[in-house]
Amino acid sequence: AARQAADEARLERRAQMLQDWQAMATGQADPVVIAAKWVKPEAGLPISWMYGWVADMIRLRNGDMQHLLNRDARAALQRLAREVDLNRLYDLLDRILEGLRLIGTQVNPQSIVEGLLLYWSNMPRSSPASPTSKP
């Protein structure tokens with residue numbers, strides 16, 4: 001029973017973090033505030049989840065529905081993936097891998113998460129709803 005409660009709490013936390021991730025993409029959340037919230041109690045976990053989200057966004061952009069890690073979040077991740085350049089997603093994935101490597105070193109975990117979230121929130125985005133303008 002205790003394990004089930006812990007699993008449910010973890011899934012609830014992940015769902016809230018995914019909402020924060022989406023809010024940062026639209027400028028509705030401050031990445032520095034979110035980073036402070038995310039690093040407690042464990043900074044490695046949010047970075048791992050970010051890795052999964054971005055890896056899935058890349059898979060979705062490449063049409064690979066078969067190997068998704070976050071099937072429950074497919075629609076949200078697909079929406080986000082459409083708005084961002086694929087090369088920038090690969091760059092973010094590299095940055096996340098570096099962040100995972102730095103967790104557990106002397107580097108401040110909140111600084112690692114802040115850097116990743118600032119990069120994500122400042123990525124140039126195209127609005128999928130808006131028509132492309134032609135010169």
(message) Please go through region 72-88 and give me each residue that is surrounded by 19 or more Cβ atoms within 10 Å (Cβ to Cβ) and either among the hydroxyl-bearing types (Ser, Thr, Tyr) or free of Cβ contacts under 8 Å to residues at least 40 places away in the same chain (or both), ordered by number.
(response) 77, 81
(message) Is it the case, given these coordinates, that residue 25 is in contact (Cβ under 8 Å) with a residue 60 or more places away in the chain, surrounded by 13 or more Cβ atoms within 10 Å (Cβ to Cβ), farther than 16 Å from residue 110 by Cβ and within 12 Å of the chain's Cα centre (by Cα)?
(response) yes
(message) For a quick check of your reading of the model, give me the residue pairs whose first member lies in region 111-134 and is at negative phi, whose second is modelled with pLDDT under 65, with beta-carbon atoms closer than 9 Å and at least 6 apart or on different chains.
(response) 126/132
(request) Look through 82, 59 and report the one residue that is at pLDDT below 95 and either under 19 Å from residue 20 (Cα atoms) or of a type in the set (D, E, K, R) (or both). (result) 82
(request) Consider residue 34 carefully, then state whether it is within 20 Å of residue 86 (Cα to Cα) and under 13 Å from the mean Cα position of the chain (by Cα). (result) no
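The values are calculated or read from the model by the stated rules, or taken from the named source; none is laboratory data. No experiment lies behind these values; they were computed from the predicted model shown. As a convention, Cβ positions derive from the backbone with ideal geometry for all residues, glycine included, and neighbour counts pool all protein chains shown.
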